[in-house]
Amino acid sequence: MAGGTPINRQWIIALKDGTIAIDWSDNLFQDVRTGDFIAVNEADVSHHVLNEELDWLVRIGRVDSYSRQTVWFASLPERPQRTLD
């Protein structure tokens, strides 16, 4: 069984500058290499993540494993949440 946080592969994108990010919706993206939350314009998106890019993320320890549909991330900072006042 794969470990880590499972993310559907359709939400993982590559930007034109080479950054690989998770699209958390609501215009919130996370750089999977650094864990930083970043601003992304639609024009910045290049393609959905490729196997070669995921292989690189496995080699650097950011991804535990992946399948055709799911990517298991080794560790991701928590998504910022608005608190109720």
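Observations, loosely collected:
- Every test in (1) modelled with pLDDT of 95 or more; (2) in contact with a Leu (Cβ under 6 Å, 6 or more places away or on another chain) is passed by residue 5 save one, and that test is (1).
- Residues in region 59-75 that are crowded, with 17+ Cβ neighbours inside 10 Å and more than 18 Å from residue 13 (Cβ to Cβ): 64 only.
- Filtered residue count, region 20-63, keeping only those that are within 17 Å of residue 76 (Cβ to Cβ) and in a strand (DSSP E or B): 10
- In region 2-45, residue surrounded by the most Cβ atoms within 10 Å (Cβ to Cβ) [restricted to those that are more than 11 Å from the chain's Cα centre (by Cα) and on the phi > 0 side of the Ramachandran plot]: 4
- Within region 9-36, residues that are in contact (Cβ under 8 Å) with a residue 40 or more places away in the chain reach partners that are surrounded by 12 or more Cβ atoms within 10 Å (Cβ to Cβ) and charged (D, E, K, R) with beta carbons closer than 8 Å, at six or more positions or on different chains, in the pairs 12/23; 30/36; 32/62.
The values are calculated or read from the model by the stated rules, or taken from the named source; none is laboratory data. The structure presented is a predicted model; accordingly, all values stated were derived computationally and were not measured. Cβ sites come from the backbone with ideal geometry, for glycine too, and all protein chains shown count toward neighbours.
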